[in-house]
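A short write-up of the structure that comes next.
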Amino acid sequence: MPKIALITGTSSGMGLHAAIALAKAGATVVATVRSFDKAGELNEAAAKAGVTLDVRELDVTDHGAGEKLVNAVVEQYGRLDVLVNNAGRGCVATAETLDMLTIKEQMETNYFSAVALTQAALPHMRKATSGMILTVTSVGGAVGQPFADAYCGAKFAVEGFMQSLSTVAAAFGIKVSVIEPAAVATNFVENVQRDDAGPYADLLAAYMKRTEGAFANAQSAESAGEAIAGAALSDEYRFRWQTSDAATTFAGMSLADLDGSKVFEATRSWTQG
């Protein structure tokens, strides 16, 4: 029987390509977009790929709507095999220039939305004694980076939540994992919120120059999407996946850095012109 997969944040980028790749692999895919007005690129990509998607509207920050959607998917299809928490948002600013509203918005989209949808999916998967919950985080969920204080804070938080959940969920046959992309060639950077850098302007300029170089050689959104789909459907279980060799190397810098010195020295250089 085909897997029933629900994936958020599919209007563009790697979420779009992950939805297409899941469908190509034979899954029945419920793909969410914040507004149907933003579904044009997704629908065109599905038609070009010759796959059918069940496109639904969902603002992931509306937790009640998320729960209703999960329940509706189970009612219509009989089960939910795969949940991919992909929706996210970026932010470039450092602690002193951040306001609390921006920090809360980062936590709401990148952390609370994934937590809420996971909570909604768990009862169904627990009763079925099977399921896969895959949350798209970032190498920024393993390596804290300059001017990503709020973003990395939220990504670290969701990785901690999912890792803590993983062993408990496994007792009921449910796989809980995260997948960490590095730089991906999408419009994510264009949509990143940027606040006035104030006294940090020179440091930010150096960091942005370095970041532009990284994204100039970024992994394609299609490749990242295929990696997400592959992890979501894999028979192999790992808690942590990456979407590319570059992401594996980057995340490994922190995961093997017991005293934090490697990350500190590496990232400090990014703000020096």
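Rounded to the nearest 10 degrees, the angle from helix 245-255 to the longest Cα principal axis of the chain is 70 degrees. Around the Cα centre of the chain, unit charges on the Cβ atoms of Lys, Arg, Asp and Glu (plus for the first two, minus for the last two) sum to a dipole of about 700 debye.
Tell me the relative contact order for the chain as a rounded percent, counting alpha carbon contacts under 8 Å between residues six or more apart.
For the chain, the relative contact order is 21 percent.
Note on the chain: the C-alpha convex hull projects to 14.2 nm² when averaged across all orientations. Annotation: lysines with alpha-carbon distance below 23 angstrom to Lys68 (same-chain offsets under eight excluded): Lys3, Lys38, Lys127, Lys175. Exposed loop positions in the chain were taken to be GluC sites (Glu not before Pro) whose DSSP state is not H, G, I, E or B and which have at most 15 other beta-carbon atoms within 10 angstrom. Between these positions, the longest stretch is 1-189. Distance between Cα centroids, the range 163-183 to the range 89-129: provide it in whole Å. Using only Cα atoms to place each centre, the spacing works out to 16 Å. Largest first, the residues Lys175, Lys24, Lys3 sort by 1.4 Å accessible area into Lys24, Lys3, Lys175.
On full extension, the segment bounded by Glu108 and Asp235 gains 42.6 nm, given 0.36 nm per residue less the C-alpha separation.
Ser166 sits among other residues whose Cβ lies under 13 Å from its own Cβ, and their net charge, with Lys and Arg +1 and Asp and Glu -1, is +2.
Projected label points at Ala65 and Ser220, each 7 Å from Cα along the beta carbon direction, are separated by 3.3 nanometres.
Projecting the Cα atoms of Ala93, Ser234, Ala185 onto the dipole axis of the chain, where Lys and Arg carry +1 and Asp and Glu carry -1 at the beta carbon, places Ser234 farthest toward the positive end. Please report how far the C-alpha centroid of the range 34-56 lies from that of the range 73-88, rounded to the nearest whole angstrom. Here the answer is 17 Å between Cα centres. Counting protein heavy atoms only, the chain has 52 percent of its accessible area on carbon and sulfur, 1.4 angstrom probe.
The values are calculated or read from the model by the stated rules, or taken from the named source; none is laboratory data. Values in this document were obtained by computation on a predicted structure and should not be read as measured data. Quick reminder, even Gly has a Cβ in these numbers, built from the backbone with ideal geometry, and neighbours come from all protein chains shown. Surface areas here come from the heavy atoms of the whole protein model, side chains and all, with no ligands, DNA or RNA. Shrake-Rupley method; radii C 1.70, N 1.55, O 1.52, S 1.80 Å.
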